[in-house]
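**Q** Attaching a single structure in structure tokens format; questions to follow.
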Amino acid sequence: MDMQIEQIEKQLEGLSEAELQKVLEDTRRVLEEKRKKRQEEVKRQIIELADSVGLEVSFRVKGKPGEIRTVRRRGKAAPKYRHPADPTLTWSGRGQMPRWLRDLVDQGHDKEEFRIRD
């Protein structure tokens, strides 16, 4: 392998800047394709292993090292549900259902009974 690299380096020395740029772009493209192919193979193996023990998995894409990822923050949402006896207890419908509403639903109520009507 080292001999192959030495031969490639000698060939690169004879190329123009434009040719070297093309080689660089092609090399990055091939490297990215190989990386994605390896990721897909690892994902397939993980899913297969999880299935074998009755688990479900999901994947998140991790940012590149040094990459700044912007997070879009949502503003405070208006309440959509209100407790029937305590109007200070509200829920926007985002995130986990609050305990007071979960308790009412567990008692047989439909959460839509507590929706705030405009």
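**Q** Quickly work out the GLU113-to-VAL30 label distance, labels modelled 7 Å from Cα along the C-beta direction, and quote it in nm with one decimal.
**A** Modelled inter-label distance: 6.8 nm.
**Q** Output the pairs from LYS36/LYS62; LYS22/LYS43; LYS34/LYS62; LYS22/LYS62 with a Cα-Cα distance over 22 Å in this structure; if there are none, say none.
**A** LYS22/LYS43; LYS22/LYS62
**Q** If you stretched the chain out fully between ARG102 and ARG38, how much longer would it get, using 0.36 nm times the residue separation minus the C-alpha to C-alpha distance?
**A** That pair, ARG102 and ARG38, stretches by 18.7 nm at full extension.
**Q** Over all Cα pairs of segment 7-118, how is the pair count split among 10 Å bins, expressed in % and running from 0 up to the last occupied bin?
**A** Spelled out bin by bin, segment 7-118 gives 10, 19, 15, 20, 16, 8, 6, 4, 0 percent.
No value in this document is a laboratory result; all are computed from the given coordinates. Keep in mind that what you see is a predicted model, and the values were worked out from it rather than measured. Backbone-built Cβ (ideal geometry, glycine too); neighbour counts: all protein chains shown.
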